[in-house]
Amino acid sequence: MKETHNNVLVIDNKPEELGPLLKLLTEFGWNIDIKKPSLTLSSTLLNINPDIIIINTAITDCTELAISIKTKSPDVYLIALTDKDPMDRSVMELRDQIYDIISTPLNPSALGMVLKRADHFARLQNNLKKNRSEIATSAQKIADERVETERFLAVHQVIDRMSSFLVKVIEDIHGGIKYFNELPFFVSIHDRELRILAANPAYYKHIGNMIHHKSWEIYTGKRATRNACPVGLTLNTGTVKSTRALVKYKSGAKVPVTVHTYPIYNNEGDVEFALEVFAGAKEVKDLAHEIHSTQQRYQLLFDSVPNHIAVLDRRFHLTAINKKFKTDFGDHTDKNFFDVLRPAVFPAYRDPITQTVRKGTPHQGEMIMIDQNGIQYNMMAWTSPIKTAAGKLIQVLVIFADITELRKLQTNLAAIGLMVSTVSHDLKGSLTGLDAGLYLIETGFYREKPGRIEEGLDVVKLMVERIRKLVYDILYSAKERELDLEQSSVLQFAGDVAANIDIRIRGAGIEFQCDFKPELGMFKIDMNLLRTALMNILENAVEACIEDTSKDTHLIKFKIARKNNQVLIEIADNGSGIMKGSTKHLFDLFYSSKGHKGTGLGLFITKRVILKHGGNISVESEPGQGTKFTISIPGTKT
């Protein structure tokens, strides 16, 4: 067969089973690359640059991968490899992405026809790309010629405007010199090829007509070279330069001057021209002193602002920062802003800085940023675009106000308010329960009904225990306390916890299974705190089973084992479970999956206690199926 040298990419989970297909592709003269499917595969297509892709429909997420490939490379010829009927649903889902189908087992004749069509398509695509390139080149040439003409006109306008500007400067400084052209003050514009494009009349009068001459030809001595002349230095570095040099007047005189050169940027932010200004030493010295004083005043103002200020270019690189920014985040001039301060939760491309770069309009908004040390800041950002006279955005000024402490204060106040609300609600319920218990006791005495008195006492005990637990939870969450560690038997501790909760569980009609492995050994714990932590989980399990009305029987498992010097505790129930998305907040302060029925303190305290013991806690839950807590506590050698 005729060699075509098309690049073909085959995507399959089992490339070892592709022998017959690969053999036919090789005989057809194609360059073959084989890849297994992955989420990042479509992003690497630019490096592979295939003309044709064959994708096996049996791979997982085939349709999503095909859509991603066509999104990244819309011109690629995509072929589906399948052992199913072409009208099968899995194949039909690909109809908007694929151009052809190869059925297995392979039919060489049918495959040959598919490959010929693919080859023809690839050739058409390549010819189209070639034609596009030729058209683009021709259009670019025409555009360059037009730009060159406009550039020449613009240069002369710059000279005229610069002359007018300097007249005003000289009038302000010297008080009444009205005719700029009578001064030995020379202004010229140079391009990147170091050619003189335009000059003011004073330049013509004293230096001569040097238009289209090289920039260094007006100098004598060491500055009379391409790289050493003032314009060459500025174009090479892209910075403002002040250079001592000897200038040759057309009269033959050699005059020492200080030459000031400035880069002129185009709308894309690249240096396009260089402005060259020089005069007698005294005039330039006076002007330089004035400029320096002005720069100092503005820099002082810039650094005196108590906020963080940064100036970014269109590529988000820092071009200037004030003292406050430099002190808090370091001197990162020329670095990408988002490498210095990374967005934490702000939606991608929705921050005020990106919005201003994209739209060229002022924006403001709160940004949560993380610095290079991992410290999080809440920053209120105000952005302002800096544009050229033509309205082209070149830079963005950003002023930040650090509101981190304000947000912490708001969070703390909100937390306190939530705690007061939840505690008040829980306390109100407990007091209502006490009233009910006292009523039962009182009516039992009057009516001589011991059963009612006993029932009332049980209610009172339950409410008193609930209030006591609530007070302990508040005290523990509000104030740190040191652990009262003591060497304890794991088995005895487990039995103590089980005995404390057993009556409550069985009284609710729930089966309670304890599985304590032998040789659990010892661990060093604060028995009261750890018992409270485990009781919180067990009581939650009881409530979850009581609330679940979808099952006839409920079960709570309490298992303890020892592995690699770790005491492993598992508490599981088959109750109502926890909604998806809630487990990650389960241990947050004041978060309760029980709504107004919970204070949000129990599991927060439980995790805090376990972490202080050097342990870990995790949770797994499925709505309607149940919840399992897994805890590990370091053991001690026996």
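The values are calculated or read from the model by the stated rules, or taken from the named source; none is laboratory data. All values derive from a computational prediction rather than experimental measurement. Please note: Cβ atoms are built from the backbone with ideal geometry, for glycine as well, and neighbour counts cover all protein chains shown. In case anyone asks, the SASA skips ligands and DNA or RNA and just uses the protein heavy atoms, side chains included. Shrake-Rupley method; radii C 1.70, N 1.55, O 1.52, S 1.80 Å.
General remarks:
- Hypothetical label at Tyr249: residues of the range 210-242 whose amide nitrogen lies under 19 Å (7 Å Cα-Cβ projection): 210, 217-221
- Theoretical gain in end-to-end length, Lys580 to Asn528 [0.36 nm per residue, Cα-Cα removed]: 15.5 nm
- Sorting Tyr219, Tyr204, Tyr439 on solvent-accessible area from highest to lowest, probe radius 1.4 Å, gives Tyr439, Tyr204, Tyr219.
- With a 1.4 Å probe rolled over the protein heavy atoms of all chains, the accessible area of Tyr377, Tyr203, Tyr298, Tyr99 falls in the order Tyr298, Tyr99, Tyr377, Tyr203, largest first.
- C-alpha center-to-center spacing [the range 296-358, the range 377-399] in angstrom: 10
- Loop-located trypsin sites (Lys or Arg not before Pro) in the range 291-324 whose Cβ has at most 11 other Cβ within 10 Å (DSSP): Arg315
- Gain on full extension, evaluated as 0.36 nm per residue between Ile403 and Ser384 minus their Cα-Cα distance, stands at 4.9 nm.
- With a Förster radius of 51 Å applied to the C-beta separation of Thr137 and Lys323, the computed FRET efficiency comes to 0.55.
- Among the listed pairs Lys517/Lys637; Lys517/Lys557; Lys323/Lys408; Lys205/Lys248; Lys559/Lys580; Lys557/Lys628, those beyond 21 Å (Cα-Cα): Lys323/Lys408; Lys559/Lys580
- Computed from the C-beta positions of Asn107 and Glu486, the FRET efficiency with R₀ = 51 Å rounds to 0.05.
- Spacing of the modelled spin labels on Thr220 and Lys84, each 7 Å from Cα toward Cβ, amounts to 8.8 nm.
- Summed side-chain charge close to Ile505 - residues other than Ile505 whose Cβ falls under 13 Å, Lys, Arg +1, Asp, Glu -1: -2
- Net charge of Cβ neighbours under 12 Å - reference Tyr377; Lys, Arg +1; Asp, Glu -1: -2
- Taking amide hydrogens as placed 1.01 Å from N in the peptide plane, the amide H of Ala198 sits under 5 Å from those of Ile189, each at least 5 positions away in sequence or on another chain.
- Modelled FRET efficiency - R0 22 Å, Glu455 with Thr553, Cβ distances, 0.05 increments: 0.25
- Gyration tensor (alpha-carbon) shape descriptor, the range 315-398, a/c threshold 1.5: oblate
- The range 194-280 - percent of accessible surface contributed by carbon and sulfur, probe 1.4 Å: 54
- Share of carbon and sulfur in the accessible heavy-atom surface of the range 440-583 [1.4 Å probe, %]: 52
- With the whole protein complex present, Thr60 retains an accessible surface near 110 Å², based on a 1.4 Å probe.
- Simple label model, 7 Å out from Cα along Cβ direction - Arg466 to Lys130, nm: 8.5
- Principal axis box of the range 186-341, alpha-carbon based, largest edge first, Å: 58, 31, 26
- Heavy atoms of Ile399: accessible area, 1.4 Å probe, square angstrom to 10: 60
- Rounded to the nearest 10 Å², the accessible area of Trp382 at probe 1.4 Å: 100
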